[in-house]
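Take a look at the structure set out below.
The values are calculated or read from the model by the stated rules, or taken from the named source; none is laboratory data. These numbers come from a predicted model, not from an experiment. No Cβ is skipped: glycine too gets one built from the backbone with ideal geometry, and neighbour counts run over all protein chains shown. Only protein heavy atoms, including side chains, enter the accessible area calculation; ligands, DNA and RNA are left aside. Shrake-Rupley method; radii C 1.70, N 1.55, O 1.52, S 1.80 Å.
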Amino acid sequence: MGTPSDWEDRLARWQNELELFERLDETPWVTLGKAEAETGVSRSALRSWYRNGEIQSRLVDGPNGPQRLVQLDAVIERAATSPRIQRRAEREVSLEAQVTLLRHRVDQLELRLAALERK
């Protein structure tokens, strides 16, 4: 077993990798847990979507072993096409969470627009 310092170093390296993925792709790659928390989409649905090729995923080394990441924007877009998930999200997601999702989406669109304007 490693020391607590080893664990903290490993966790910090993993978090740095996640931040690097986000900067390289201009879209956040998040864990399934975070995608579930931010969108209301169940982990089983997320797994089904990436296994069926409906969203992209990556397997990266995490602090506890391999960790599956998905693009948050792709999850949001895919969820928007699912009437079942929309109904469930409307029931379960609070107004505050919906506003947070919309703010995130607007931020991503602004980044894309700025990138297009630079071209």
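Worth pointing out:
- Residues that are more than 8 Å from the chain's Cα centre (by Cα) and part of a helix (DSSP H, G or I) within segment 39-73 comprise THR39, ARG43, SER44, ALA45, LEU46, ARG47, SER48, TRP49, TYR50, ARG51, listed in sequence order.
- Test: residue in segment 55-66 that is in contact (Cβ under 8 Å) with a residue 12 or more places away in the chain, open to solvent by less than 80 Å² (accessible area, probe 1.4 Å), within 18 Å of ALA35 (Cβ to Cβ) and of a type in the set (D, E, K, R): yes
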